[in-house]
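Q: Just dropping this structure here.
The values are calculated or read from the model by the stated rules, or taken from the named source; none is laboratory data. A quick note: this is a predicted structure, and the numbers were derived from the prediction, not measured. Glycine gets a Cβ as well: all are built from the backbone with ideal geometry, and neighbour counts include every protein chain shown. SASA here: full protein model, heavy atoms, side chains in, ligands and nucleic acids out. Shrake-Rupley method; radii C 1.70, N 1.55, O 1.52, S 1.80 Å.
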Amino acid sequence: MTSQSPAFSTNELPGGGGEVSVPKAFSHLRFFGSLRVDVLIHTFRGPHWIRFTQIYLISKTSTDNQFPTVKFCHKMVPTSFQYRPLPPPPAKLIRLLSIHPSEDNTAPICLSFTNQPACIDIQDEAITPYEALSYVWGSEADPAPIAMITIDADGSTKHNTMLVTQNLATALRHLRLPSSPRTIWIDAICINQNDWTEKGHQVSFMGDVYEKAAHVVIWLGPEGDDSSHALNILRDIGSQVTVDWNMQSMTPTPNARDPSLADIDTPFPDDGHYTPRDANAVEALLNRSWFERLWVLQEQALANNATFQAGHSTISRLDLRNAVYCTNVKNSEGSSPMAKLCRTDRAWLVVAMCRPRFPINLTEMRTYCEEMKCKDPRDRVYALLRLLSGFEREGGAAEVVRPDYTASVAEVYGDVVLKYIQATRKGDILAHAGVKDEEGGSKWWPSWIPDWSYEMERHMYGLPCSGGETFLAVVTDTSLEGTFLSMVGVQCAEITVTALPDDTTTPLATLASFRKLFRDVFAKVTAVQQPILLESMSRAVSAGRFRETFIPPENYYLPMSDVTDMLRKVLTTSEDFREENNEDPNLVLLGKHMTTWVQGRQYFMTSDGRFGLGPKATQPGDIVCLFLGTDTPLILRATEKDRHLEFYQLVGDAFMHGIMAGEPFLGPLESYQRQVYAFNESNRGSLSILDERTGEVVIKDPRIERLGLGLKAVDTFTSSGGELRYEISMQQLKEKGVAVQDFCLV
């Protein structure tokens, strides 16, 4: 685009034109850009609130009059930019945008697609260097007009307009260079947002776009709330610590001014170095909306080179990552103004947004990102596919789930469940599903399809137990319409009593509620049965997490013996459970753990006297089951029978002692064996079996050999460590006396 650009004619501007004077409203006009003909855009609302745009094309050479002469005027036309279709799959072609330069920051924005119609193949090794923008779209109210120029292969050009959000328009002004064009990829412009087919295909490899970019600009917004100062503070902190994300630890850099910044137990210094202005500026910056949007997670994680920008101030991704990790994990005590930033929910969210790429499975990612926001509920799935672990991505879970914005939300979510189970042979994704109570959620689709657009109740994810996941999931049937899913499992117990705590506002209030619910029940149990019930209760209220459950021991949790003793005290004494009357820190810690796990849940007891924890929607008459391929038990509710087939609704996942280690399929462990979660030197954890006689820890469950079936491990997945899994049939289990059956979920 040089001074040799072809001359324009009125034919290029639908709506006609003629030579008119520039309106006096534009008397402040100064020429801009490098084109022979410049573009001035005036936008207003016409009848019926339809937005119209006037385009004035102004010749630089017509400056004899008091005001420049408008050679051609395009009056009252809706925004007119038309996309040319991109090649369909499997091609991975993208449009690249050029931001025209200007030394005048107030000059209208002018963009062009420099490579129409050929575009750029993202799969080419020798790809044209480009940048990519990571940003928040912002409100679509009062969009801003920009000039769009498309250039054909023969050099001919077309001039149109496009409306973009005010946030993007502001970003474009700050990204524009004074004297040279800037080649960049921006999703809102480079993808035809009105073509659902194109959008779905482009979204499927959007992660590749950011990974292949020479540089990613992360736009946090314009200067405001002392943001430049905030970036200076974060840069200062980030340059003094080095973060090991695998080990979750920090070390001071060689030139650190204050090495104590890398010590998580030492609060920020209160020597006056950090002021209230520093803390307020950083807090305001980290509260910007970029840090809570779901799509931008992959954009920064996959980028090889990235810079954060607020206004015209920037910070390297490395410095910002180190700084936000430091502020999140530092001791929140002390009198430093920075203490208010430490160990808060917002700090955790910001760290989640900024951490490096890491392998994770779909169910983990859903939990990890549940507080992040997106406009389209289908993106709760699509925004995460590129970040799956190699096992799930290469195994097919991500490859077979293709973004399809013509499908309904229920269809998308159901498709993910089926393809995830088929590709990974794991049923843990069902822990995210279940019937909804009256407080919200989608009640009209099948119970086995998670509603990821609805804030999840706490589920039992991440428990140190194998359940039925030692074996591959077995799907016996599913409907083409996605109305039912049939899987193989065992019925373990029937629920007879449910109990919802009436007060969980404080740790000791939770303990008081527990005593109110079960003191009489415990008193009626025989002396022989009390220790059995107490163990079942202790394991359920702690979700199986005790200090000795982990290797090395995790001191955040209490030893099981302490939990049992304290629960016995709670159930057999009349102690006043009020904070001002209790100084036992372990009792408070127990109440804290119980409060965590009972949120969104209730206790239950079964017909055979066992104690468990299940969803709030649990009712007497529901059954506790364990499926092949699932790590936690599931609660089901019989709904109807069709001939010889019984249908069940999935209520949700549960914890119940006696089945968490896969006992219904494998039988009990020996008295000297127990399941543990063991971490290696690289801080990678694996579900293992500890032999308390020898101290030996093994990944392979010794009960597999006891079955005598000669089962071989068919795969090993290591997204969270390493677990061995085996394929077994219904017939083999029945021959071993296991009462397996089909459960048809609707």
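Matching residues to (1) in contact with a Ser or Thr (Cβ under 9 Å, 6 or more places away or on another chain); (2) free of Cβ contacts under 8 Å to residues at least 24 places away in the same chain; (3) part of a strand (DSSP E or B); (4) over 28 Å from GLN602 (Cα atoms):
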| position | (1), (2), (3), (4) |
| --- | --- |
| ALA678 | yes, no, yes, yes |
| VAL697 | yes, no, yes, yes |
| ILE704 | yes, no, no, yes |
| GLY710 | no, yes, no, yes |
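Q: For the range 99-109, which positions are modelled with pLDDT under 90 and buried (at least 20 other Cβ atoms within 10 Å of the Cβ)?
A: ALA107, PRO108, ILE109
Q: Being buried (at least 22 other Cβ atoms within 10 Å of the Cβ), of a type in the set (A, V, I, L, M, F, W, C) and over 18 Å from HIS215 (Cβ atoms) is the filter here; which residues of the range 307-346 pass it?
A: Within the range 307-346, ALA323, VAL324, CYS326, MET338, LEU341 meet the criteria.
Q: While we're on this one: Just to check your reading of the model, which residue among PHE627, PHE665 is open to solvent by less than 10 Å² (accessible area, probe 1.4 Å) and in contact with a Ser or Thr (Cβ under 9 Å, 6 or more places away or on another chain)?
A: Numbers: PHE627 fails: in contact with a Ser or Thr (Cβ under 9 Å, 6 or more places away or on another chain).
It is PHE665.
Q: Scan the range 471-485 for residues that are open to solvent by 10 Å² or more (accessible area, probe 1.4 Å) and either at pLDDT 95 or above or part of a strand (DSSP E or B) (or both) and report the count.
A: Residues meeting the conditions: 4.
Q: Could you list, in sequence order, all residues of the range 427-437 that are at pLDDT 85 or above and over 10 Å from TRP448 (Cα atoms)? Don't jump to the end; show me each part of the working.
A: In the first step, residues of the range 427-437 are kept if they are at pLDDT 85 or above; the result is 427-435.
Matches in the range 427-437: GLY427, ASP428.
Q: Shifting gears a bit: Yes or no: ILE699 open to solvent by less than 70 Å² (accessible area, probe 1.4 Å) and hydrophobic (A, V, I, L, M, F, W, C)?
A: Details: open to solvent by less than 70 Å² (accessible area, probe 1.4 Å): no; hydrophobic (A, V, I, L, M, F, W, C): yes.
No; evaluated as a whole, the condition is false for this residue.
Q: Among the residues of the range 642-662, what is the count of those that are within 27 Å of GLU735 (Cα to Cα) and either in contact with an Asp or Glu (Cβ under 6 Å, 6 or more places away or on another chain) or open to solvent by 50 Å² or more (accessible area, probe 1.4 Å) (or both)? Even if it seems obvious, please write down each step before you answer.
A: Kept after step one, since they are within 27 Å of GLU735 (Cα to Cα), are these residues of the range 642-662: 643-648, 656-662.
Restricting the remaining residues to those that are either in contact with an Asp or Glu (Cβ under 6 Å, 6 or more places away or on another chain) or open to solvent by 50 Å² or more (accessible area, probe 1.4 Å) (or both) gives 643-647, 657.
Summing the residues that are within 27 Å of GLU735 (Cα to Cα) and either in contact with an Asp or Glu (Cβ under 6 Å, 6 or more places away or on another chain) or open to solvent by 50 Å² or more (accessible area, probe 1.4 Å) (or both) in the range 642-662 gives 6.
Q: Among THR367, THR344, THR363, which is the only one that is more than 27 Å from LYS419 (Cβ to Cβ) and modelled with pLDDT under 85?
A: Values: THR367 fails: more than 27 Å from LYS419 (Cβ to Cβ); THR363 fails: more than 27 Å from LYS419 (Cβ to Cβ).
After ruling out the rest, the residue left standing is THR344.
Conditions (1) of a type in the set (Gly, Ala, Ser); (2) open to solvent by 40 Å² or more (accessible area, probe 1.4 Å), marked per residue:
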position: ASP154; (1), (2): no, yes
position: LEU163; (1), (2): no, yes
position: TRP196; (1), (2): no, yes
position: HIS201; (1), (2): no, no
position: GLY224; (1), (2): yes, no
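Q: Filter the range 165-186 down to the residues that are open to solvent by less than 40 Å² (accessible area, probe 1.4 Å) and without any contact (Cβ under 8 Å) to a residue 40 or more places away in the chain and list them by number.
A: Result: THR165, LEU168.
Q: Go through the range 712-731 and give me each residue that's exposed (fewer than 15 other Cβ atoms within 10 Å of the Cβ), modelled with pLDDT under 85 and not in a loop (DSSP other than H, G, I, E, B).
A: Filtering the range 712-731 for residues exposed (fewer than 15 other Cβ atoms within 10 Å of the Cβ) gives 712-716, 718, 729, 731.
Next cut, modelled with pLDDT under 85 only: 712-716, 718.
Answer for the range 712-731, where residues must be exposed (fewer than 15 other Cβ atoms within 10 Å of the Cβ), modelled with pLDDT under 85 and not in a loop (DSSP other than H, G, I, E, B): ALA713, VAL714, ASP715, THR716.
Q: Can I ask one more? Looking at PRO259, is it over 30 Å from TYR382 (Cβ atoms) and in contact with a helix residue (DSSP H, G or I) (Cβ under 8 Å, 6 or more places away or on another chain)?
A: Working: over 30 Å from TYR382 (Cβ atoms): yes; in contact with a helix residue (DSSP H, G or I) (Cβ under 8 Å, 6 or more places away or on another chain): no.
Spelling it out, it is not the case that PRO259 is over 30 Å from TYR382 (Cβ atoms) and in contact with a helix residue (DSSP H, G or I) (Cβ under 8 Å, 6 or more places away or on another chain).
Q: Those residues that are over 30 Å from LYS426 (Cα atoms) and at pLDDT 85 or above, I need them from the range 347-360; list them, please.
A: Within the range 347-360, the subset over 30 Å from LYS426 (Cα atoms) is 347, 350.
Across the range 347-360, the qualifying residue is only VAL350.
Q: Filter the range 626-640 for residues that are over 29 Å from the mean Cα position of the chain (by Cα) and under 17 Å from THR496 (Cβ atoms); which is modelled with the highest pLDDT?
A: We begin by selecting, within the range 626-640, every residue over 29 Å from the mean Cα position of the chain (by Cα); these are 637-640.
Add one more test, that the residue is under 17 Å from THR496 (Cβ atoms), and what stays is 637-638.
On the way: ARG637: 96, ALA638: 93.
The extreme case among them is ARG637.
Q: Is it the case that some residue within the range 504-515 is within 27 Å of ILE623 (Cα to Cα) and in a strand (DSSP E or B)?
A: No; the residues of the range 504-515 include none that is within 27 Å of ILE623 (Cα to Cα) and in a strand (DSSP E or B).
Q: Let me ask something else. Can you run down the residue pairs with Cβ atoms below 6 Å, 6 or more apart or on separate chains, where the first is in the range 546-574 and more than 16 Å from SER536 (Cα to Cα) and open to solvent by 20 Å² or more (accessible area, probe 1.4 Å) and the partner is assigned to a strand (DSSP E or B) and not aromatic (Phe, Trp, Tyr)?
A: Matching pairs, first to second residue: ILE551/VAL676; ILE551/ALA678.
Q: I would also like to ask the following. Among the residues of the range 516-533, which ones are assigned to a helix (DSSP H, G or I) and aliphatic (A, V, I, L, M)?
A: Step one: filter the range 516-533 for residues assigned to a helix (DSSP H, G or I), giving 516-524, 529-533.
LEU517, VAL521, ALA523, ILE532, LEU533 - these are the residues of the range 516-533 that are assigned to a helix (DSSP H, G or I) and aliphatic (A, V, I, L, M).
Q: Moving on to the next point. Which residues, taken from the range 198-220, are among the small types (Gly, Ala, Ser) and out of contact with any strand residue (DSSP E or B) (no Cβ under 6 Å at 6 or more places or on another chain)?
A: So the first thing to find is which residues in the range 198-220 are among the small types (Gly, Ala, Ser), and the list is 200, 204, 207, 213-214.
Within the range 198-220, GLY200, SER204, GLY207, ALA214 qualify.
Q: Exactly one of (1) touching a Leu at 6+ places or on another chain (Cβ under 7 Å); (2) within 23 Å of VAL746 (Cβ to Cβ); (3) hydroxyl-bearing (Ser, Thr, Tyr) is unmet by THR618. Its number?
A: Exception for THR618: condition (1).
Q: Scan the range 286-306 for residues that are open to solvent by less than 10 Å² (accessible area, probe 1.4 Å) and touching a Leu at 6+ places or on another chain (Cβ under 6 Å) and jot them down.
A: Residues satisfying the conditions are TRP290, GLN298.
Q: Here's something else I'd like to know. Among the residues of the range 495-510, is any of a type in the set (A, V, I, L, M, F, W, C), under 30 Å from GLN673 (Cβ atoms) and touching a Phe, Trp or Tyr at 6+ places or on another chain (Cβ under 9 Å)? Before you say what the answer is, go through the steps one by one.
A: Narrowing the range 495-510 to residues of a type in the set (A, V, I, L, M, F, W, C): 495, 497, 499-500, 508-509.
Right, trim to under 30 Å from GLN673 (Cβ atoms) and you get 495.
Now narrow it down to the ones that are touching a Phe, Trp or Tyr at 6+ places or on another chain (Cβ under 9 Å): 495.
Yes, that holds for at least one residue.
Q: If you go through the range 515-538, how many residues are open to solvent by 60 Å² or more (accessible area, probe 1.4 Å), in contact (Cβ under 8 Å) with a residue 12 or more places away in the chain and either in contact with a Gly (Cβ under 9 Å, 6 or more places away or on another chain) or among the hydroxyl-bearing types (Ser, Thr, Tyr) (or both)?
A: Qualifying residue count for the region: 2.
Q: Counting just the residues of the range 110-138 that are modelled with pLDDT of 85 or more and over 30 Å from LEU286 (Cα atoms), which one comes out nearest to the chain's Cα centre (by Cα)? Even if it seems obvious, please write down each step before you answer.
A: To start, the set of residues in the range 110-138 that are modelled with pLDDT of 85 or more comprises 110-112, 129-138.
Checking the rest, the ones that are also over 30 Å from LEU286 (Cα atoms) come to 110-112, 129.
Working: CYS110: 35, LEU111: 33, SER112: 34, PRO129: 29 Å.
Checking each candidate, the answer is PRO129.
Q: Also, I was wondering about something else. Out of everything in the range 597-619 that is over 14 Å from LEU517 (Cα atoms) and under 25 Å from the mean Cα position of the chain (by Cα), what residue ends up being surrounded by the fewest Cβ atoms within 10 Å (Cβ to Cβ)? It would help to see each step written out before you state the result.
A: At the first step, the residues of the range 597-619 found to be over 14 Å from LEU517 (Cα atoms) are 597, 599-601, 606-610, 614-619.
Filter once more, so that each one left must be under 25 Å from the mean Cα position of the chain (by Cα): 597, 599-601, 614-616.
Values: TRP597: 20, GLN599: 13, GLY600: 16, ARG601: 25, GLY614: 27, PRO615: 25, LYS616: 17.
Among residues in the range 597-619 that are over 14 Å from LEU517 (Cα atoms) and under 25 Å from the mean Cα position of the chain (by Cα), the one surrounded by the fewest Cβ atoms within 10 Å (Cβ to Cβ) is GLN599.
Q: Can you say whether ARG684 is basic (Lys, Arg) and either at pLDDT 90 or above or open to solvent by less than 30 Å² (accessible area, probe 1.4 Å) (or both), as far as the supplied structure shows? Quick ask: steps written out before the conclusion?
A: Working: basic (Lys, Arg): yes; either at pLDDT 90 or above or open to solvent by less than 30 Å² (accessible area, probe 1.4 Å) (or both): no.
It is false that ARG684 is basic (Lys, Arg) and either at pLDDT 90 or above or open to solvent by less than 30 Å² (accessible area, probe 1.4 Å) (or both).
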